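Everything below concerns the one structure shown next.
The values are calculated or read from the model by the stated rules, or taken from the named source; none is laboratory data. Owing to the predicted nature of the structure, the values given are computational and were not obtained by experimental measurement. Cβ placement follows ideal geometry from the backbone for every residue including glycine, while neighbour counts extend to all protein chains displayed. When the accessible area is computed, the model is the full protein with side chains, heavy atoms only, and any ligands, DNA or RNA have been set aside. Shrake-Rupley method; radii C 1.70, N 1.55, O 1.52, S 1.80 Å.
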Amino acid sequence: MKSRLVLLACCLALLSSCGQGDKGTGKAPEFAVIEAKTTTANLTNSYPATIKGKQDVEIRPMVSGFITKLHVDEGATVRKGQVLFSIDPVQYQAAVNSAKAAVETAKAAVNTQELTVNNKRELNNIISDYDLQMAENQLAQTKAQLAQANAQLVNAKNNLSYTSVTSPSDGVVGSIPYRVGSLVSPSVANPLTTVADIS
């Protein structure tokens, strides 16, 4: 009798477990789906590169000083002779004024010495040849000093003109590493900018 009860309990347990298994597998799970369609796509490739013009001209200052004004922006198109940068001209204007004064002083010295030589020539029979020759040598020296003063004036004017940095050719302005207030000189490592001929 006991064995029949145990067998009956086992059968009931098997039947109940089979019934629970049917409940889990009765219906398939649902998933969201998307229909695949054909389309066109544009693929782009990018490569690191440096673009240069037919001629890239480095712009460097001819004189030292602080940049007081930028007349162009990076990427601007410029014409030959167009001003790109202004360098502080005060000291170069003072040098021009000083050179002009030196020229006027030398001119006055030449005029004075010419009067002296002319007087000594008129007194040729009274003064010695030595005195006349010394006066003429002094006149030649003052004329040489006038020529030197004129050369210094030309140099001072050139330096003053270099405070306006201009473009040597038509083209496009490159990057500008120096800004207003930067101290630049002919010996700076990097150029003020480059002007590229992109024709």
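Of the residues making up region 137-145, not a single one is open to solvent by 60 Å² or more (accessible area, probe 1.4 Å) and in contact (Cβ under 8 Å) with a residue 40 or more places away in the chain.
Looking only at region 102-115, residues that are open to solvent by less than 50 Å² (accessible area, probe 1.4 Å) and under 10 Å from T142 (Cβ atoms) come to 4 in all. Within the option set D73, D56, being open to solvent by less than 100 Å² (accessible area, probe 1.4 Å), of a type in the set (D, E) and either modelled with pLDDT of 90 or more or within 30 Å of D170 (Cα to Cα) (or both) holds for one residue only, D56.
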